[in-house]
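Peer 1: Take a look at the following structure, please.
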Amino acid sequence: MPYDTADFFFQIHMRRGEGRRRMDSAAVWAVGMDFDPEIDRLPIDLLAHIFAMITSFTDLAQACAVCRKWKEGVKLSLGRKESLSFAGWKMDDDSTARLIRHAYSLRDLDISRSRWGCQITDHGLHQISLASCIPNLTSISLWGMAGITDKGVVQLISRANSLQNLNVGGTFVTDVSILAIADNCPNLKSIVLWSCRHVTESGLLILVSKCRKLESINVWGMRVPVDCFIGLVAISPSLQIKSRSLLLNSMWPVV
């Protein structure tokens, strides 16, 4: 029967505490018995493997509070993760940055906003940008994060030099962020700018000119003229442009 892994271990810990309170410490020393439960005898690597299967950040935070060994196990499990998604969780700046700092093997980071309210601000992006894993990230999603601005995005992107996939759709970024992406992400292959209405034609042209490995760009809902797309394709003929305007144009009858 399936069970919540964290809850299982917390029950063990609670039973351990209750049992010890009922013991007579003098009698224990007299017979030389060891009452440590099996869970405390597990190697730290095995604990980390178990904690890696827990997807709830709330449970991981509670596990850290159980004892020092469990806290180290949680840190070790985070250090082994290559992908981390906060989408669907109610997270704040400090808790998100704290977890990411321990995930030094991270390659894929998703802190998209969801209906549950993952609210990260520029302050959070600044804290996250200081994590050792950021230069090695190949994918970042900030989709729908209405609380961030160019200030936070530039701080993060300036250290994400290995980035290949970026999603800043639904945010209020401007050409300032686009120029930072163009200057710091030479390996960028795809970018989502869905409904980024403060990004202009000039920003897009500079982005495509500098990011020569760019294969796909989503400009759906942006306020740029259709002629802009002609200029983008002229710079990079193989570029795939995803746009509502192009979709509508493709349905027009050829005369």
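Peer 1: For 93, 183, what's the largest-to-smallest order of accessible area, 1.4 Å probe?
Peer 2: Order by accessible area, largest first: 183, 93.
Peer 1: Still on this structure, I have one more. Kindly give the semi-axes, whole Å and largest first, of the ellipsoid equivalent to segment 163-217, taking each as the square root of 5 times a Cα gyration tensor eigenvalue.
Peer 2: Values: eigenvalues 51, 29, 17 Å².
Computed over segment 163-217, the values are 16, 12, 9 Å.
Peer 1: Can I ask one more? Counting only residues 5 or more places away or on other chains, whose amide H sits under 5 Å from the amide H of residue 88 once H atoms are built in the peptide plane?
Peer 2: For residue 88, the qualifying residues are 114, 116, 118.
Peer 1: Determine, at each q value in 0.22, 0.30 (inverse angstroms), the log₁₀ of I(q)/I(0) that the Debye formula gives when each Cα of segment 75-114 is one equal point scatterer.
Peer 2: -0.66, -1.07
Peer 1: Under the rule a/c < 1.5 gives rounded, and otherwise a/b versus b/c splits prolate from oblate, where does segment 40-139 land using the Cα gyration tensor?
Peer 2: On the way: a/c = 1.99, a/b = 1.54, b/c = 1.29.
Here segment 40-139 falls in the prolate category.
Peer 1: Can you run the Rg to Rh ratio on segment 119-255? Use alpha carbon positions and the Kirkwood inverse-distance Rh.
Peer 2: On the Cα set of segment 119-255, Rg over Rh gives 0.99.
Peer 1: Given 0.36 nm per residue, what is the gain on full extension from residue 130 to residue 244 after removing their alpha carbon distance, in nm? Walk me through the numbers before you get to the answer.
Peer 2: Details: separation 114, 0.36 × 114 = 41.04 nm, distance 3.70 nm.
Length gained, residue 130 through residue 244: 37.3 nm.
Peer 1: May I pose another question? What does segment 63-195 give for Rg and for Dmax, in Å, if only its C-alpha atoms count?
Peer 2: That works out to 14.5, 48 Å for Rg and Dmax.
Peer 1: Under a 1.4 Å probe, what is the accessible area of segment 50-97 per residue, stated in Å²?
Peer 2: Details: 2340 Å² over 48 residues.
The answer is 49 Å² per residue.
Peer 1: For the full complex of protein chains and a 1.4 angstrom probe, list 223, 68 by accessible area with the highest value first.
Peer 2: Values: 223 165, 68 195 Å².
Ranked from most to least accessible, the order is 68, 223.
Peer 1: With the cut-off at 16 Å, report for segment 129-208 the share of all Cα pairs above it, as a whole percent.
Peer 2: Everything past 16 Å amounts to 43 percent.
Peer 1: To continue, here is another question. Can you tell me, using C-alpha contacts under 8 Å and at least 6 residues apart, the relative contact order of segment 47-162 as a whole percent?
Peer 2: Over segment 47-162, the number comes to 22 percent.
Peer 1: Let me ask another. Mind checking the full-extension length gain between residue 107 and residue 90? Use 0.36 nm per residue of separation minus the Cα-Cα distance, one decimal, nm.
Peer 2: 3.9 nm
The values are calculated or read from the model by the stated rules, or taken from the named source; none is laboratory data. The structure displayed is predicted, hence computed values, not measured ones. For the accessible areas, the whole protein counts, side chains as well, though only heavy atoms, and no ligand, DNA or RNA atoms are used. Shrake-Rupley method; radii C 1.70, N 1.55, O 1.52, S 1.80 Å.
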